[in-house]
């Protein structure tokens, strides 16, 4: 079955390819504003909601464009956020990235990734969330600014990528590192087996 990734993230595509899948990439263009009742339910509900609306948007677009005539496919969408007392999304600029990385230093935070799956042949839908705990060292302001100027992490939830040079500021990771990167393959693989039955 053809695999479609409803995400422009090269990191998610790389994870799927590393595990033997060759997804077609169709980014979702959705309004990520949260309904009040979703925002009030916490980070797990938020990422599952965002993953679902991305999956549904791409699925709807494919149905409309093909008038229902298409090769069966599995659609995968995901959303990742960083959480420590509040949600940290992608920074808008250098100052916001600095504020986020300052707030995260010297302690632990959680990375939540929501994943939504849709099978075109059965119409089946499934979503789930994985969480990992990441602890940062107590790094100086200069380290933050150097990272921002060198890596420009403006497309990264929490203003960092665990697989980048920022890893030197990580004390520990509890959970799936691929979840922190953006797609929890270990959990996804298990869910795909059940979803294919």
Name the residues in the stretch 92-120 that are within 14 Å of residue 160 (Cα to Cα) and modelled with pLDDT under 95, would you?
92
Residue by residue through the stretch 87-104, note down the ones that are touching a strand residue (DSSP E or B) at 6+ places or on another chain (Cβ under 8 Å) and free of Cβ contacts under 8 Å to residues at least 40 places away in the same chain.
103
Tally time: how many residues in the stretch 154-197 are over 16 Å from residue 110 (Cβ atoms) and assigned to a helix (DSSP H, G or I)?
16
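From the list 126, 194, pick out the single residue that is touching a strand residue (DSSP E or B) at 6+ places or on another chain (Cβ under 9 Å), modelled with pLDDT under 95 and surrounded by fewer than 17 Cβ atoms within 10 Å (Cβ to Cβ).
Details: 126 fails: modelled with pLDDT under 95.
So the residue among 126, 194 that is touching a strand residue (DSSP E or B) at 6+ places or on another chain (Cβ under 9 Å), modelled with pLDDT under 95 and surrounded by fewer than 17 Cβ atoms within 10 Å (Cβ to Cβ) is 194.
Please go through the stretch 1-13 and pick out each residue that is outside any loop (DSSP other than H, G, I, E, B) and either surrounded by fewer than 13 Cβ atoms within 10 Å (Cβ to Cβ) or in contact with a strand residue (DSSP E or B) (Cβ under 8 Å, 6 or more places away or on another chain) (or both). Write out each step before concluding.
Looking only at the stretch 1-13, we keep the residues that are outside any loop (DSSP other than H, G, I, E, B), and these are 2-5, 10-13.
Selection gives 2, 3, 4, 5, 10, 12, 13.
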Number of the condition not met by residue 16 [criteria: (1) closer than 15 Å to residue 127 by Cβ; (2) under 16 Å from the mean Cα position of the chain (by Cα); (3) assigned to a helix (DSSP H, G or I)]
(1)
Within the stretch 116-146, the count of residues that are in a loop (DSSP other than H, G, I, E, B), touching a helix residue (DSSP H, G or I) at 6+ places or on another chain (Cβ under 7 Å) and over 30 Å from residue 56 (Cβ atoms) comes to 2
Looking at this structure, is residue 174 surrounded by fewer than 22 Cβ atoms within 10 Å (Cβ to Cβ), closer than 27 Å to residue 51 by Cα and free of Cβ contacts under 8 Å to residues at least 24 places away in the same chain?
no
How many of the residues in the stretch 63-89 are modelled with pLDDT under 90 and surrounded by 14 or more Cβ atoms within 10 Å (Cβ to Cβ)?
1
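The values are calculated or read from the model by the stated rules, or taken from the named source; none is laboratory data. Just so you know, these numbers come straight off a predicted model, no measurement behind them. We place every Cβ from the backbone using ideal geometry, glycine too, and count neighbours over all the protein chains shown.
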